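Data block below; observations after.
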Amino acid sequence: MSTKSTAERIIEAALQLISEKGYTAATTKAIADLAGVNEVTIFRHFGNKRGILKAIIEQFSYFPILQEEINKNVTWDLETDLLNFSLKHFNFLMSIKDYVMIGFKEAMQFPEINEEIANTPLHIKNELIHYLQEMHARGKVREIDFEAAALSLIAINFGHFISWARLGTIVSDMPTEILLKTSISIFSRGLTP
């Protein structure tokens, strides 16, 4: 008997089908068959195929990791914190890079994928804004557009991830930690009063 819950089996089946055959072929019937459940069970647990998509994206979201870092491990030293956030973000994205790349490929055809994927950077952006506002209140960050700063940090981190995920060491074989440390150092200087 499987120790996985019904919802876990459904998500796993959906991921497998999307990876192998694409989003279109991953019908609720095909997902149910692969998960070993009745199609009605999918509707009870997730409502529809988009509900499964949302659950998959939530499962592969960096946001809970960032939230935990800010709540438990923040040092209130800008460069240290941003480097920590960035390294964890990069490593997390690399651990799920195949799914991220599939998401990009499939999102071109299916707007609902883009809409669901957008929730992750939106949550990350808001958490970073709150962090930067608190740093400003502590006198450690100058008055800036905090949303623009948060989006810029996300773009830097995601840019490094895409470069490594798509090109590997073709462009540079510089270790990720050195690259991120340099980027965060430059970025932090722009925020410091």
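The values are calculated or read from the model by the stated rules, or taken from the named source; none is laboratory data. The model shown is predicted, which means the values in this text are computed figures rather than measured ones. Virtual Cβ from ideal backbone geometry, glycine too; neighbours counted across all protein chains shown. When the accessible area is computed, the model is the full protein with side chains, heavy atoms only, and any ligands, DNA or RNA have been set aside. Shrake-Rupley method; radii C 1.70, N 1.55, O 1.52, S 1.80 Å.
So which helices (runs of 4 or more DSSP H) stay within the range 105-180 end to end and still have 3 or more residues that are more than 22 Å from Ile70 (Cα to Cα)?
Details: elements: 111-117, 119-137, 146-167.
Counting at least 3 such residues, we get 111-117, 146-167.
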Filtering the range 38-70 for residues that are over 14 Å from the mean Cα position of the chain (by Cα), within 27 Å of Ile186 (Cβ to Cβ) and open to solvent by 60 Å² or more (accessible area, probe 1.4 Å) leaves a count of 1
Just to be sure I understand, how many residues within the range 1-37 are more than 19 Å from Gly103 (Cα to Cα), loosely packed, with under 15 Cβ neighbours inside 10 Å and of a type in the set (Val, Ile, Thr)? 1
Of the conditions (1) under 28 Å from Leu15 (Cα atoms); (2) loosely packed, with under 13 Cβ neighbours inside 10 Å, Tyr99 fails just one. Which one is it? (2)
Suppose the filter is surrounded by 18 or more Cβ atoms within 10 Å (Cβ to Cβ) and either outside any helix (DSSP H, G or I) or modelled with pLDDT of 90 or more (or both); does Leu82 pass it? yes
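Only one of these is among the small types (Gly, Ala, Ser) and more than 27 Å from Glu8 (Cβ to Cβ): Ser86, Ser61. Name it. If you could, list the steps in order and put the result at the bottom.
Numbers: Ser61 fails: more than 27 Å from Glu8 (Cβ to Cβ).
Exactly one of Ser86, Ser61 is among the small types (Gly, Ala, Ser) and more than 27 Å from Glu8 (Cβ to Cβ), namely Ser86.
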Go through Ala165, Ala150 for me and flag whichever is open to solvent by less than 50 Å² (accessible area, probe 1.4 Å), at pLDDT 95 or above and under 15 Å from the mean Cα position of the chain (by Cα). Ala150
